[in-house]
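In what follows, a single structure is set out as structure tokens and then discussed.
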Amino acid sequence: MDSFKIFVIVKVKNPKQRTKVYRFKSRSFVGNFLNILFNSFQENNGINLPQAYPSSGSCIASANENATSYYPWITVNAGNGDDSYGIQVGSGTTPPTISDITIESLIRNGNSAGQLAYGAMTTIPPVINSSNNTGYTQIQRVFINQSSASITITEVAVVASFGGTPCKYLIIHDLLPTPVTLQPNGSVTITYQFNIAT
Amino acid sequence: MQKSSYIRRKSNKMKGHTLKVYCLVEVKDKGKVIYSKQFESHSFVGQWLQLLYGMFGQNRLSILNNNFPASAIINNPLQMNAGSGNHNYGIQVGSGTTKSINDTGMDSFIFNGNSAGQLAYGAMTFTSPTINTSTNQGNFSVTRSFTNNSGGSVTVSEIGIGILIYASDGNLHDTFIIHDILPSPITLANGHVLTVTYIFSIQT
């Protein structure tokens with residue numbers, strides 16, 4: 001019984017093909033996540049970490065600033081077409097390392113060759129099972145191939161938004177167990193499921 | 001030294017774990033260690049998932065003291081840096097023996113103080129992250145000491161972590177996220193100091 005487990009669910013729909021669903025265990029929180037947890041716990045200002053592509057440069061988030069309404073902190077709710085945070089997909093094949101600060105080869109949002117249309121992020125409320133003391137919550141994004149050629153996805157990642165600037169840091173990076181190829185008008189839904197067992 | 005060797009040993013057995021939390025408990029009498037126990041925490045509670053949901057989607061939190069309407073997060077919602085004598089958040093201790101995913105606090109809370117049945121809560125302390133790029137393993141720890149100045153013995157059987165959230169209702173909310181029952185209760189005689197360390201570990 002792990003303290004905390006993450007599963008990735010990949011649902012692929014290609015024209016004239018049966019829907020395929022893959023599920024695997026994410027193993028790849030990266031070092032940025034550990035730094036963020038630590039600095040959040042200790043309430044440190046000046047959390048200076050490199051941002052994930054397509055954002056660039058280092059960015060300083062402060063754990064003691066306030067917002068007037070909703071404050072972004074490990075926030076992933078990117079809107080339709082925004083590939084700068086939330087779940088990202090890519091075509092890299094190098095195994096993730098703890099030092100990763102960005103997905104290896106981001107597939108950008110768009111309808112041109114080699115691009116995918118990024119849907120809005122969805123956050124799904126927790127499901128708590130009191131009888132067996134387990135629970136999970138999910139985040140999800142749909143990617144549609146609106147180009148005229150097939151596109152292959154080999155890696156997935158989660159970039160989170162922090163603070164008033166806001167800063168966009170990579171927190172999770174995974175390779176898919178098998179590449180997923182989307183035909184024109186095909187779509188893939190990536191779901192990250194965060195599980196606990198008390 | 002003891003802590004790092006424990007994490008290294010556990011990490012070697014669990015390549016590619018998502019996030020593991022370990023607990024170290026130690027008792028000192030006049031500066032000398034008289035008890036030490038290490039185990040894996042299994043006990044994020046449901047409020048941790050609710051908090052993740054709130055952070056991920058900037059969703060209102062319904063878990064904050066059962067307030068209605070639910071409140072929005074308006075600053076860092078993972079604050080754990082409680083000072084000396086503040087038992088409202090940070091690492092906490094208790095004398096209860098049961099836990100569940102629905103827990104919103106300790107089973108039987110031991111309050112800060114020097115009276116019978118109480119312990120003096122020290123300030124939270126933090127050890128910066130260690131990132132090992134050759135093994136892709138990283139960890140950091142949070143620690144708190146509890147001193148028995150009560151004049152009698154005090155038994156600790158549960159530990160946990162509360163965090164502080166500043167919400168849009170204008171209030172600070174202490175929110176319970178981790179709860180563990182100790183493998184065996186620890187009885188602290190007067191003058192004994194209990195130190196509890198939680199270690200957060202990843203392996204990419």
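With a Förster radius of 22 Å applied to the C-beta separation of B:Ser115 and B:Asp29, the computed FRET efficiency comes to 0.60. Ordered by the number of other Cβ atoms lying within 10 Å of each residue's own Cβ, fewest first, B:Ile34, A:Ile107 fall into the sequence B:Ile34, A:Ile107. Taking N as the residue count of the protein assembly as shown, its C-alpha radius of gyration divided by 2.2 N^0.38 Å amounts to 1.02. Per-residue shielding of B:134-141, expressed as the average number of other chain Cβ atoms within 10 Å of the residue Cβ, stands at 4. In the structure shown, the pairs B:Lys32/B:Lys99; A:Lys16/A:Lys168; B:Lys20/B:Lys99; A:Lys5/A:Lys168; A:Lys5/B:Lys37; A:Lys168/B:Lys20 are assessed against 27 Å; a Cα-Cα span above that value is assigned to B:Lys32/B:Lys99; A:Lys16/A:Lys168. Take every pair of alpha-carbon atoms less than 8 Å apart whose residues are at least six positions apart; their mean separation over the length of chain B yields a relative contact order of 28 percent. Sorting A:41-50, B:127-136, A:151-160 by average packing, meaning the other beta carbons within 10 Å per residue, from highest down gives A:151-160, A:41-50, B:127-136.
Using a ≥ b ≥ c from the Cα gyration tensor of the range A:1-117 (square roots of the eigenvalues), is it rounded, prolate or oblate, where a/c under 1.5 gives rounded and otherwise the larger of a/b and b/c decides, a/b for prolate? Prolate, because a/c is 1.5 or more and a/b exceeds b/c. For the range B:89-157, the share of alpha carbon pairs falling in successive 10 Å distance bins from zero is 18, 35, 27, 15, 4 percent. For the pair the range A:167-198 and the range B:30-101, the centres of their Cα atoms are 28 angstrom apart.
Report the net charge of residues surrounding A:Ile107, where surrounding means a beta-carbon distance below 15 angstrom and charges are Lys +1, Arg +1, Asp -1, Glu -1. Residues close to A:Ile107 contribute a combined charge of -3. Residue exposure proxy: A:Ser28, A:Ser84, ordered by other Cβ atoms within 10 angstrom of their Cβ from fewest to most, comes out as A:Ser84, A:Ser28.
Taking amide hydrogens as placed 1.01 Å from N in the peptide plane, the amide H of A:Ile172 sits under 5 Å from those of A:Val30, A:Val158, each at least 5 positions away in sequence or on another chain.
Please label the shape of the range A:121-173 as rounded, prolate or oblate, based on the square roots a ≥ b ≥ c of the eigenvalues of the alpha-carbon gyration tensor (a/c under 1.5 means rounded; beyond that, a/b larger than b/c means prolate, else oblate). The shape class here is oblate. About its Cα centre, chain A has a charge dipole of approximately 840 debye under the convention of +1 per Lys or Arg Cβ and -1 per Asp or Glu Cβ, with nothing else charged.
When only Cα pairs below 8 angstrom with a gap of at least 6 residues are kept, chain A shows a relative contact order of 30 percent.
Classify the range B:2-203 as rounded, prolate or oblate, taking a ≥ b ≥ c as the square roots of the eigenvalues of its Cα gyration tensor: rounded when a/c is under 1.5, otherwise prolate if a/b is larger than b/c and oblate if not. Since a/c reaches 1.5 but b/c is at least a/b, the shape of the range B:2-203 is classed as oblate. Cβ crowding within 10 Å, taken as a proxy for footprinting-reagent exposure, orders A:Cys167, A:Cys59 from fewest neighbours to most as A:Cys59, A:Cys167. With respect to chain A, whose longest principal axis is taken over its alpha-carbon atoms, helix A:31-41 is tilted by about 40°. Taking the Kirkwood radius as Rh and the Cα radius of gyration as Rg, chain A has a ratio of Rg/Rh equal to 0.97.
Every read-out reported here was derived from the displayed coordinates using simple, explicitly stated rules and does not represent laboratory data. Bear in mind that the values here come from a model prediction, so they are computed numbers and not experimental data. Backbone-built Cβ (ideal geometry, glycine too); neighbour counts: all protein chains shown.
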